[in-house]
Amino acid sequence: MMQQKAYEKLMRQCIILAKKGEGRVSPNPLVGSIIFDDDFRIISKGYHQKYGENHAERNAILNAKENLAGKNLIVNLEPCSHFGKTPPCADLIIKTGIKKVIVGMIDPNPKVAGNGIKKLKNAGIEVITGVLENECRLLNEIFIKNQEKNLPFIAIKTACTLDGKIATSTGSSKWITDEYSRKEVQKLRNRYDSILTSSNTVINDNPAMTCRLKSGRNPVRIVLDTNLKTAADSKIYNDDGTKVIILTKKNKNKKYPKYVEIIECPVINKHIDINWAVKKLYERGIYSIMTEAGGTLNNVFIQTGLADKLIQFTAPKILADKAGINIAEGETRNEISQCNNLTILSTKRLKNDIIITGTFLH
Ligand code: AOF
Ligand code: ZN
C-alpha cells in the first residue's frame, strides 16, 4: 500500500516531466521517466523532448551517473519494443540490469501494444502496470485517439457567459472572459497541433491565433472558408513560418500569401464535408485540432461526433440577450433527451472565470 502511494507520487512527477514536451513531440506521445532505488531515492530523470529524438526511458538511462543494475524505472507509457526512429527502449532497459519497471498504461501503438512489457518480463524483469492509468491516458488522449482511430483529436474551446452566450446578437464578444483565462488559452494553443476557425470569426474578429507564450510555438492555423470570403491580409494569414491551411469548396485563384495551402473539399448540402476534411488534415500531419470558432461551427463538430473534448471558459456574467450567440447553434429541439452528453473531466477556477472540461459521449 505504502509502495503503491510512492509509485503514484513518482508517476505524477513523470507526467509533469512528460508535459515539458508539449508542442514539440507530436505525433509521438508525451512521456516522462524516472529511475530510483529501493529507498525511493531518485537517480535520474528523462523525458521525450522532441519528435524523432530519444525516448524518455533512454534519456533517463543516459542521464544516470551510476550503475543501474538492480534499480527501478517508472514511466507513464509502456517501453517500446520496436525499431522506429530509435531502437527499442525495452532492450536498453534489459541491458542496464534494471530489475523492476512500473508502467502507467499499455502503448496503444499496434507495433508495441503489450510487446514491450512481454519483452521485459521474458528477461526476468518485474513489471507493474496501471499506476495512475486514468491520468496517464488523459495525458496522452491525443496519441490514443490517433492510434485507435487514425483521426485527429478535436477539442472545442469556448468562452461564454453563465447563460452560455459567446457573443451578443450584433457580434460583440470582447471581452467575455478575463486576462487570466486568455493567458490559459495561450497554453492550449501550444498544446494542439492546430487551431481551426471559421471565415466568419476571421472576418468579424480578425484574430491572429498565435501562441504568445515565452517558450511556446505557433500552431498551424486552419480556416474553414467555404466561399473564400476572408481577406488575404487578415492577421491569421501573417507569415510567421507556420503552415496556414484554408479549407474551401473551390479554389477561385484568389491571391493569398504563398505559404497558405488551399485544400478543395467536397461539399454536402452547400457545406464542406467535414468528415472528409478532418481525414485530409490527418493525412497532412495534423494530429490534433482545437477549434476557436462560433456556435455554428462548434455545432458541426458536436453533431458529427467528431468532437472529443469541450474546454469551456465561463465568465460570471449573464448576457440575457435572447438573440445572442450560443456556444453551439443548432436546430430547435423539443426534448431534453436530444441533448449531446458529456462527462466532466475537471472544473477549475481561475481568478474570476471557471474552466469546465468535458469529454463527449458518443
Ligand atoms: C516516443 N517517446 O518516450 C516513448 C515512445 O519512431 P520512434 O522510434 O520515435 O517511436 C515512436 C513510438 O514509440 C511511439 O508511437 C510509441 O509507441 C513508442 N514510445 N515514443 O516518441 C517516448 N516511450
Ligand atoms: Zn521507446
Note down all Cβ pairs under 8 Å where the first residue falls in segment 17-36 and is free of Cβ contacts under 8 Å to residues at least 12 places away in the same chain, the second is away from ligand 2 (no atom under 15 Å from the Cβ) and assigned to a strand (DSSP E or B), and they're at least six residues apart or on different chains. none
Matching residues, segment 60-81, being in contact with a Pro (Cβ under 9 Å, 6 or more places away or on another chain) and near ligand 1 (Cβ under 8 Å from one of its atoms): L77, P79, C80
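Scan segment 102-113 for residues that are within 12 Å of ligand 1 (Cβ to nearest atom) and either over 21 Å from G70 (Cα atoms) or not small (G, A, S) (or both) and jot them down. Quick ask: steps written out before the conclusion?
Kept after step one, since they are within 12 Å of ligand 1 (Cβ to nearest atom), are these residues of segment 102-113: 103-113.
Answer for segment 102-113, where residues must be within 12 Å of ligand 1 (Cβ to nearest atom) and either over 21 Å from G70 (Cα atoms) or not small (G, A, S) (or both): V103, M105, I106, D107, P108, N109, P110, K111, V112, A113.
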Residue within segment 155-175 that is more than 16 Å from ligand 2 (Cβ to nearest atom) and closer than 21 Å to G21 by Cα present: yes
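Quick one: which strands (runs of 3 or more DSSP E) sit completely within segment 114-184 and have at least 1 residues that are modelled with pLDDT of 95 or more, within 16 Å of ligand 1 (Cβ to nearest atom) and under 22 Å from the mean Cα position of the chain (by Cα)?
On the way: elements: 126-128, 153-160, 165-167.
Output list reads 153-160.
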Going through segment 76-101 one residue at a time, which ones are among the β-branched types (V, I, T) and within 9 Å of ligand 2 (Cβ to nearest atom)? T86
Scan segment 204-219 and tell me whether some residue there is surrounded by 17 or more Cβ atoms within 10 Å (Cβ to Cβ) and among the basic types (K, R). no
Identify, from the list I311, I302, I356, the residue that is of a type outside the set (D, E), in the same structural domain as I154 (by TED's automatic domain parsing) and over 19 Å from R182 (Cβ atoms). I302
Please work out if G84 is within 15 Å of ligand 1 (Cβ to nearest atom), surrounded by fewer than 20 Cβ atoms within 10 Å (Cβ to Cβ), under 17 Å from H55 (Cα atoms) and of a type outside the set (K, R). yes
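For (1) over 26 Å from P219 (Cα atoms); (2) free of Cβ contacts under 8 Å to residues at least 12 places away in the same chain, each residue gets a yes or a no:
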residue: I15; (1), (2): no, no
residue: Y47; (1), (2): no, no
residue: K95; (1), (2): yes, yes
residue: M105; (1), (2): yes, no
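Only one of A323, A328 is within 20 Å of V185 (Cα to Cα), small (G, A, S) and assigned by TED's automatic domain parsing to the domain that holds K174; which?
Details: A323 fails: within 20 Å of V185 (Cα to Cα).
Just a single option satisfies the conditions, and that option is A328.
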Within segment 266-290, track down each residue that is part of a loop (DSSP other than H, G, I, E, B), touching a strand residue (DSSP E or B) at 6+ places or on another chain (Cβ under 8 Å) and not aromatic (F, W, Y). P266, D273, R284, I286
Cβ-Cβ under 8 Å, sequence separation 6+ or interchain: first residue in segment 50-72 and outside the structural domain of I98 (by TED's automatic domain parsing), partner within 12 Å of ligand 1 (Cβ to nearest atom). Which pairs? none
Working only within segment 102-139, note down all residues that are farther than 17 Å from I34 by Cβ, within 16 Å of ligand 2 (Cβ to nearest atom) and of a type in the set (A, V, I, L, M, F, W, C). I106, V112, A113, I117, A123
Checking the condition crowded, with 22+ Cβ neighbours inside 10 Å and at pLDDT 95 or above, which residue from I106, I93, I43 passes? I93
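From the list K249, K279, K258, pick out the single residue that is in the same structural domain as R191 (by TED's automatic domain parsing), without any contact (Cβ under 8 Å) to a residue 24 or more places away in the chain and either in contact with a Leu (Cβ under 9 Å, 6 or more places away or on another chain) or surrounded by 15 or more Cβ atoms within 10 Å (Cβ to Cβ) (or both). Break it down into steps so the answer makes sense when it comes.
Details: K279 fails: without any contact (Cβ under 8 Å) to a residue 24 or more places away in the chain; K258 fails: either in contact with a Leu (Cβ under 9 Å, 6 or more places away or on another chain) or surrounded by 15 or more Cβ atoms within 10 Å (Cβ to Cβ) (or both).
The match here is K249.
Go through A328, A307, A293 for me and flag whichever is within 24 Å of T230 (Cβ to Cβ), part of a loop (DSSP other than H, G, I, E, B) and either among the hydroxyl-bearing types (S, T, Y) or without any contact (Cβ under 8 Å) to a residue 40 or more places away in the chain (or both). Steps first, answer last, please.
Working: A307 fails: either among the hydroxyl-bearing types (S, T, Y) or without any contact (Cβ under 8 Å) to a residue 40 or more places away in the chain (or both); A293 fails: either among the hydroxyl-bearing types (S, T, Y) or without any contact (Cβ under 8 Å) to a residue 40 or more places away in the chain (or both).
A328 is the lone residue from the list that is within 24 Å of T230 (Cβ to Cβ), part of a loop (DSSP other than H, G, I, E, B) and either among the hydroxyl-bearing types (S, T, Y) or without any contact (Cβ under 8 Å) to a residue 40 or more places away in the chain (or both).
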Of all residues in segment 12-51 being over 21 Å from D193 (Cβ atoms) and touching an Asp or Glu at 6+ places or on another chain (Cβ under 8 Å), the one that is farthest from ligand 2 (Cβ to nearest atom): R12
State whether one or more residues within segment 20-29 are near ligand 1 (Cβ under 10 Å from one of its atoms), crowded, with 24+ Cβ neighbours inside 10 Å, more than 24 Å from A123 (Cα to Cα) and at pLDDT 95 or above. yes
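The values are calculated or read from the model by the stated rules, or taken from the named source; none is laboratory data. Just so we're clear, the structure is a prediction, and the values are computed from it rather than from any experiment. Reconstructed Cβ throughout: ideal geometry from the backbone, glycine too, with neighbour counts over all protein chains shown.
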